[in-house]
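Notes follow once the structure below has been shown.
The values are calculated or read from the model by the stated rules, or taken from the named source; none is laboratory data. None of the values given here were measured: they were computed from a predicted structure. In this analysis, Cβ positions are derived from the backbone assuming ideal geometry, glycine residues included, and neighbour counts consider all displayed protein chains.
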Amino acid sequence: MQRRSNAIVGVNPSTRLSFQTPLSYHEVCMMAASMFPGGCRSLLSLVLLGPFFLMSCGGERPATDAQPAPQSSADRPAPAAVSAAPTNPCTLISPEEAQAATGIAAEGSSSTSGGAAVCSWIDATGKSAVVQIFPTASGYEVSRRAFESFYDATAEIVSGLGDEACYITGKTASVPTATFCVRKGSAAASVQVMTMGQDAAALKDQALALTRTLVAKL
């Protein structure tokens, strides 16, 4: 993936978004309100979940005219185990806990996308936090690689946070964003905090605090 400097270009193939000039967060939200039923939250989901979709979705199965030979019941493989739906992050992190970690005073908004359970908090200034819980432990490695590609940066390995964790910084639609990916046992998640006007260190501390709150409940 080519680096996208201060612009959203083809974040999700289904949207065909392409902006050639930098947009402020408020401009992005105003545009989203006119394009998507969910406004800024919908656009945030496309931006943040887009990398995960690109990494997790495979190509179409090639067509074939050959018909498989019928199998007896003894030859049929056992059905694959179905992964349990991931826990809704909004049920794990209260608005008060999200505000204590990030300073965002807002109710959490639940959604699902690409198999992940998502909770987002967005305050009146446009400051946002997004937590995704993935359906399997492999979501940790998938999301780490996806965010590295999306932000064109290498994640920093973080110790003492779940069983595996990493941190990466970058910009989402020109907005500075701090991202943690974490795995604890069979649970994997990502935590992001984004806003204008705060330095990377402050955003990292806030995202780390929110990640610790989540990990304690996974």
Which condition number does Ala173 fail, the rest of (1) closer than 24 Å to Ala105 by Cα; (2) at pLDDT 95 or above; (3) surrounded by 19 or more Cβ atoms within 10 Å (Cβ to Cβ) being met?
-> (2)
Here are Asp152, Asp205, Asp163: which of them is at pLDDT 95 or above, surrounded by fewer than 19 Cβ atoms within 10 Å (Cβ to Cβ), of a type outside the set (Phe, Trp, Tyr) and under 23 Å from Ser94 (Cα atoms)?
-> Asp205
Picking from Thr213, Thr169, the residue that is more than 13 Å from the chain's Cα centre (by Cα), assigned to a strand (DSSP E or B) and polar (S, T, N, Q) would be Thr169
Looking at (1) under 20 Å from Lys184 (Cα atoms); (2) surrounded by fewer than 21 Cβ atoms within 10 Å (Cβ to Cβ), which is the only condition Arg144 fails?
-> (2)
For the range 100-127, enumerate the residues that are in contact (Cβ under 8 Å) with a residue 24 or more places away in the chain, more than 11 Å from the chain's Cα centre (by Cα) and part of a strand (DSSP E or B).
-> Ser109, Ser111, Trp121, Ile122
Candidates Thr177, Thr154, filtered to the one that is over 21 Å from Pro86 (Cβ atoms), in a strand (DSSP E or B) and either over 17 Å from the mean Cα position of the chain (by Cα) or of a type in the set (Ser, Thr, Tyr) (or both) | Thr177
Only residues that are of a type in the set (Gly, Ala, Ser) and surrounded by 16 or more Cβ atoms within 10 Å (Cβ to Cβ): list them for the range 116-136, please.
-> Ala116, Ala117, Ser120, Gly126, Ser128, Ala129
